Amino acid sequence: MALMLGLAQGEGVTTFDGDRYRSLKNGTSRIGVYLGPTTFHPNFTASQHLRVSAFTRGISLKRVSQVLEIVGLQSAARTKTRAMSTGMLQKLGIATALLSEPEVLILDEPANGLDPQSVQWLRNYLKAFAENGGTVLISSHLINEIALFADNLLVLGRGQLLAAESLDAFLRRQKPTAFKVRADNSALLQSALAKANIEQKRLSEDVIEIFASSAKPFAKIAVENNIELSEVVPVGSSLEDVFLALTAGKSDYAAKADDQNNLGKGEK
């Protein structure tokens, strides 16, 4: 993200509507950016930080109270940033990015330190922002959280683009691991599956989870036994599963798998 904004040196060019960030007219107003909590002066209050940022960007100071309310920090307006928790600083950073009512948001790990209610707020806010015509580029290591609201994914590994596609397309990279099947005679289906050595378990009176990568084997059994299947729902791998499979051996600074010989004997 720093490379995209010209804050670091590297190869390649990033453009926004055809222009580099530094060449954009009113770029700081059109694009809201938050790259981490290191941008706060420790002796500034939340309100002072936002007022200075608004003043230097030509934004009305009335917007300060508005963004504090949006992120839920209105009661902390006079709190100095050095006394804020990580979650509060994250909210203040998001508020800073929202000051100019931007068209685009670029946020680096914005959910770090947020409590569950705030994570839900962030997810809903970003979805609404996009639905109202905005664009959000967000980085995160909370992979399954991203699955709840992302439209498209970019996956990077050692400087290479490994995937750039919709969330649905990304999840289809791996075959289903199981199917949830609703049958009119689930007991008979379970018996027939057991005879064919197909692993399954009952989830409810008429729903069975069948562990298979294809529906063909159990569908054939159902037809042979005149069992009607009213619902067949594939259970795919999670976003985290697909991501880990795609990036295996392609990540920097990867920790080694647990080595029992190197573990201490302290208490768990």
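The values are calculated or read from the model by the stated rules, or taken from the named source; none is laboratory data. Note that the structure is a prediction, hence the values are computed from the model and not measured. Every residue, glycine among them, receives a Cβ derived from its backbone with ideal geometry; neighbour counts consider all protein chains shown. These area figures cover heavy atoms from the full protein model, side chains too; ligands, DNA and RNA do not enter into them. Shrake-Rupley method; radii C 1.70, N 1.55, O 1.52, S 1.80 Å.
Tell me whether the stretch 85-98 contains one or more residues that are touching a residue at least 60 places away in the same chain (Cβ under 8 Å), closer than 16 Å to Leu137 by Cα and in a loop (DSSP other than H, G, I, E, B).
no
Of everything in the stretch 216-232, what is open to solvent by 80 Å² or more (accessible area, probe 1.4 Å) and in a loop (DSSP other than H, G, I, E, B)? Give them in sequence order.
Asn226, Glu228
To keep it simple, each residue is scored yes or no on (1) closer than 25 Å to Leu5 by Cα; (2) of a type in the set (Gly, Ala, Ser); (3) touching a strand residue (DSSP E or B) at 6+ places or on another chain (Cβ under 6 Å).
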site	(1), (2), (3)
Gly72	no, yes, no
Ala76	no, yes, no
Leu89	yes, no, no
Gly93	yes, yes, yes
Ala111	yes, yes, no
Pro116	no, no, no
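Considering each of Leu107, Leu73, Leu68 in turn, give the residue that is within 16 Å of the chain's Cα centre (by Cα) and open to solvent by less than 40 Å² (accessible area, probe 1.4 Å).
Just a single option satisfies the conditions, and that option is Leu107.
Scan the stretch 233-246 and give yes if some residue there is touching a strand residue (DSSP E or B) at 6+ places or on another chain (Cβ under 6 Å), open to solvent by less than 60 Å² (accessible area, probe 1.4 Å) and touching a residue at least 60 places away in the same chain (Cβ under 8 Å), otherwise no.
Looking for residues that are touching a strand residue (DSSP E or B) at 6+ places or on another chain (Cβ under 6 Å), open to solvent by less than 60 Å² (accessible area, probe 1.4 Å) and touching a residue at least 60 places away in the same chain (Cβ under 8 Å), one finds at least one in the stretch 233-246, hence yes.
Find all pairs meeting these conditions: Cβ atoms under 9 angstrom apart; at least six residues apart or on different chains; first residue within the stretch 117-128 and touching a residue at least 12 places away in the same chain (Cβ under 8 Å) and aliphatic (A, V, I, L, M); second residue open to solvent by 30 Å² or more (accessible area, probe 1.4 Å) and part of a helix (DSSP H, G or I).
Val119/Glu145; Leu122/Lys91
Looking only at the stretch 123-140, decide whether some residue is open to solvent by 70 Å² or more (accessible area, probe 1.4 Å) and assigned to a strand (DSSP E or B).
Looking through the stretch 123-140, at least one residue is open to solvent by 70 Å² or more (accessible area, probe 1.4 Å) and assigned to a strand (DSSP E or B).
Mind telling me which of the residues Asp115, Asp151 ends up being charged (D, E, K, R), on the phi < 0 side of the Ramachandran plot and over 11 Å from the mean Cα position of the chain (by Cα)?
Answer to the check: Asp115.
Quick one: in the stretch 147-198, of everything that is among the small types (Gly, Ala, Ser) and in a loop (DSSP other than H, G, I, E, B), which residue is most open to solvent (accessible area, probe 1.4 Å)?
Gly159
Which ones in the stretch 1-51 are among the aliphatic types (A, V, I, L, M), open to solvent by less than 70 Å² (accessible area, probe 1.4 Å) and out of contact with any strand residue (DSSP E or B) (no Cβ under 9 Å at 6 or more places or on another chain)?
The answer is Ala8, Leu50.
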